[in-house]
Amino acid sequence: MSLLFVTANPKQVQESYSLQLGDYFLAEYLKHRPAEKVEKLDLFDADLPPLKREELALWERHGEGSGEEGSVSNPYVEQFLKADIIVFVTPLWNMSFPSQVKAYVDHLIIPGKTFRFTEAGIEGLMQHKKMVHIQSRGGVYSEGPLKSLEHGDSYLRTIFGLTGIKDYYHLFIEGTSTFPEEVKGRMMKSKEQASQLAETLALSGERGKE
């Protein structure tokens, strides 16, 4: 088993609720699987290049029925392919996430690598992977008038559904700006959920080895 831990926040951990919750989840997970191989990727430190013409052209060639699956690749998608569990840690910025996340995703959605075109439509190739999105939100988006304006988690859930990932989990702390006096209690509740999910994923990995 291996875990890829992807963060997207320029702040220090003590200044970021998403990074604090992310670090807590990872620590809880490693309590159950201390020998787990963990790779970390900070998207604010990564030098994400723009998509090349060859990568964009591959989409068109596949759409025309080309048999060039997997002919274009990059280090980010190869790292992604090796991981059994992928954890994204992001804040909600401007109803979405930092632009580095979108740039990173664009390097992962490659025909022949994470999905393929078939006569029946798009087929995801990542059915065996699990994904966790850990997110902090200043307002309350889980319900109420802002629910339809959340485009961070909804995007990740949709785009990685295209790659075949069905085991998708969302951990969040919200209302950190709207209810600053409740942050401590909200974080405590989110950490309880993080502990439960960490144990569930760790145990599911053990069952997979049986």
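Region 67-138 and region 155-203 have Cα centres spaced 18 Å apart. Its alpha carbons give region 111-210 an Rg and a Dmax of 16.9, 55 Å. Asp153 contributes an accessible area of around 10 Å² to the protein surface, as traced by a 1.4 Å probe with all chains present. In this structure, Lys166 and Trp93 have a Cβ-Cβ separation that, at R0 = 25 Å, corresponds to a calculated FRET efficiency of about 0.40.
Every helix of 4 or more DSSP H residues in the chain counts as -39500 (n - 2.57), and over all residues that averages to -12000 deg cm²/dmol at 222 nm.
Calculate, for the chain, the solvent-accessible area per residue in square angstrom, rolling a 1.4 angstrom probe over the heavy atoms of the protein chains. Present the calculation step by step, with values, prior to reporting the outcome.
Values: 10850 Å² over 210 residues.
Ligands and nucleic acids excluded, the figure is 52 Å² per residue.
Taking a ≥ b ≥ c as the square roots of the Cα gyration tensor eigenvalues, region 1-144 comes out prolate, since a/c reaches at least 1.5 and a/b is larger than b/c.
Taking GluC sites (Glu not before Pro) across region 105-154, the ones in a DSSP loop with at most 10 further Cβ atoms lying within 10 angstrom of their Cβ are Glu119, Glu143.
Give the residues of region 25-46 whose amide nitrogen is closer than 16 Å to a point set 7 Å from the Cα of Ser195 in the direction of its Cβ. Output list for this probe position: 25-33.
Out of the total accessible area of the chain (probe 1.4 Å, heavy atoms of protein only), what percent is carbon and sulfur?
Using a 1.4 Å probe with all protein chains present, the chain comes out at 51 percent carbon and sulfur.
The values are calculated or read from the model by the stated rules, or taken from the named source; none is laboratory data. All values derive from a computational prediction rather than experimental measurement. Glycine also receives a Cβ, built like all others from the backbone with ideal geometry; neighbour counts cover every protein chain displayed. Accessible surface areas use protein heavy atoms only, side chains included; no ligands, DNA or RNA. Shrake-Rupley method; radii C 1.70, N 1.55, O 1.52, S 1.80 Å.
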